[in-house]
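J.: My questions will all concern the structure given below.
The values are calculated or read from the model by the stated rules, or taken from the named source; none is laboratory data. Please read these numbers as outputs of a predicted model, since none were measured by experiment. Positions of Cβ are backbone-derived with ideal geometry, glycine not excepted, and every protein chain shown enters the neighbour counts.
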Amino acid sequence: MYGLCNDALLFFDVPKSVGVKSKRHSGKVGRIRVAGGSLSSHQVVKELSFLVPGKHQWDITMVEDNIFKVVYPTKADCARLRKINDIKVDDSGCKLYFEDWISQEVETWRFRKVWLRIYGCPQDLRDDYLGLFGVGSLFGKTEEVDMAFTREHDVVRLRILCINVDAIPDRTDHSFDGEGFVIRVEVEGRTPPTPPDHTMQDAQNSGDDKGNERANPLNDDLPPSDAPRNDKSSSASGLPSEQTQHGKQLVDAVQMCPIKFGSFDSRSSLSSIGCASAP
């Protein structure tokens with residue numbers, strides 16, 4: 001069992017036995033298909049005995065409904081019936097079709113081979129060749145350990161068979177000789193994730209600023225000197241809000257009414273705009 005550190009990496013692998021060869025049929029195996037109805041194995045054997053004379057022990061197996069696998073006495077008999085192609089069965093309305101037997105193939109896939117660099121293994125583990133095979137079993141099936149690279153750089157480098165490279169974690173826990181530690185994993189050729197340009201806090205702050213601008217759309221038409229200030233600045237001055245508002249009206253009135261000095265005194269000018277000067 002391999003890929004123990006993550007369920008997405010877990011798999012079983014059965015090695016192929018040495019010296020075993022796939023057995024091929026002898027050329028006497030054929031396929032009989034029944035069309036236009038259904039027949040039993042006994043009825044098919046009866047028709048075969050008529051088509052191939054002789055006292056034969058027919059080896060016939062129903063593999064599916066109306067599909068039979070049959071072993072003919074000789075290769076010549078198998079080839080002759082395939083050439084005949086089809087035979088009508090009397091009193092049944094069925095037809096027998098003689099075809100080549102094709103073994104059913106199973107769809108397979110290949111595991112990926114990747115090189116890993118593992119940081120954080122103790123010295124005793126880095127010197128243990130078989131122990132490093134166990135380290136690779138955390139992520140897949142270990143095929144090769146690069147001991148030369150491991151001794152030179154103090155970093156474990158090994159090749160594994162893996163079913164999902166994206167599921168290999170950046171770090172995980174491991175243990176060796178009764179001691180636990182954390183190892184960091186780097187997949188050669190895998191591009192590390194790119195950090196975002198803006199954090200979530202920056203996005204929230206930007207949204208708050210835009211919300212304040214939308215709440216005061218009239219501020220866009222005023223020059224910076226005439227834009228109203230925040231209420232917090234008024235409260236920080238220690239004056240009530242009514243006096244602050246009155247002072248702003250006074251400043252606006254003075255800016256809108258130009259005063260020619262020398263024509264009248266400042267007291268009369270201030271009284272003309274509705275405000276008495278301070279004693």
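J.: Conditions first: (1) part of a loop (DSSP other than H, G, I, E, B); (2) in the same structural domain as residue 51 (by TED's automatic domain parsing). Residue 96 passes all but one, so which condition is the exception?
T.: Going through the list (1) part of a loop (DSSP other than H, G, I, E, B); (2) in the same structural domain as residue 51 (by TED's automatic domain parsing), residue 96 breaks only (1).
J.: Would you check which residues across the range 4-35 are modelled with pLDDT of 85 or more, surrounded by 10 or more Cβ atoms within 10 Å (Cβ to Cβ) and under 30 Å from residue 71 (Cβ atoms) and list them?
T.: Correct list: 29, 30, 31, 32, 33, 34, 35.
J.: Quick check on my filter: what residues within the range 84-93 are exposed (fewer than 14 other Cβ atoms within 10 Å of the Cβ) and part of a strand (DSSP E or B)?
T.: Answer for the range 84-93, where residues must be exposed (fewer than 14 other Cβ atoms within 10 Å of the Cβ) and part of a strand (DSSP E or B): 86, 88.
J.: From 81, 39, grab the single residue that is surrounded by 10 or more Cβ atoms within 10 Å (Cβ to Cβ) and assigned to a loop (DSSP other than H, G, I, E, B).
T.: Values: 81 fails: assigned to a loop (DSSP other than H, G, I, E, B).
Testing whether each residue is surrounded by 10 or more Cβ atoms within 10 Å (Cβ to Cβ) and assigned to a loop (DSSP other than H, G, I, E, B) leaves just 39.
J.: Residue 31 versus (1) under 17 Å from residue 100 (Cα atoms); (2) touching a Gly at 6+ places or on another chain (Cβ under 9 Å): which is the lone unmet condition?
T.: (2)
J.: Next question. Within the range 102-126, work out how many residues are more than 18 Å from residue 185 (Cα to Cα) and either of a type in the set (Phe, Trp, Tyr) or part of a loop (DSSP other than H, G, I, E, B) (or both).
T.: Of all residues in the range 102-126, those more than 18 Å from residue 185 (Cα to Cα) come to 102-111, 124.
In the following step, the residues that additionally are either of a type in the set (Phe, Trp, Tyr) or part of a loop (DSSP other than H, G, I, E, B) (or both) were identified as 102-111.
Looking only at that region, the number is 10.
J.: Residues 138, 116, 125, 48: which one is surrounded by 16 or more Cβ atoms within 10 Å (Cβ to Cβ) and over 30 Å from residue 183 (Cα atoms)?
T.: 48
J.: Filter the range 7-58 down to residues that are polar (S, T, N, Q) and touching a Phe, Trp or Tyr at 6+ places or on another chain (Cβ under 8 Å), then give me how many there are. Steps first, answer last, please.
T.: The initial filter retains those residues of the range 7-58 that are polar (S, T, N, Q), namely 17, 22, 26, 38, 40-41, 43, 49, 57.
After this cut, where a residue has to be touching a Phe, Trp or Tyr at 6+ places or on another chain (Cβ under 8 Å) as well, the list is 41, 49.
Matching residues across the range 7-58 total 2.
J.: Identify the residue in the range 51-66 that is among the hydrophobic types (A, V, I, L, M, F, W, C), touching a strand residue (DSSP E or B) at 6+ places or on another chain (Cβ under 6 Å) and surrounded by 13 or more Cβ atoms within 10 Å (Cβ to Cβ) and, among all such residues, is nearest to residue 33 (Cα to Cα). Step through it out loud before you land on a result.
T.: Step one: filter the range 51-66 for residues among the hydrophobic types (A, V, I, L, M, F, W, C), giving 51-52, 58, 60, 62-63.
Filter once more, keeping what is touching a strand residue (DSSP E or B) at 6+ places or on another chain (Cβ under 6 Å): 60, 62-63.
If we keep only those that are surrounded by 13 or more Cβ atoms within 10 Å (Cβ to Cβ) too, we end up with 60, 62.
On the way: 60: 12, 62: 10 Å.
Result: 62.
J.: May I ask you to list the residues in the range 175-190 that are part of a strand (DSSP E or B) and touching a residue at least 40 places away in the same chain (Cβ under 8 Å)? Spell out the reasoning first.
T.: The initial filter retains those residues of the range 175-190 that are part of a strand (DSSP E or B), namely 175-176, 179-187.
Residues satisfying the conditions are 176, 179, 181, 182, 183, 184, 185, 186, 187.
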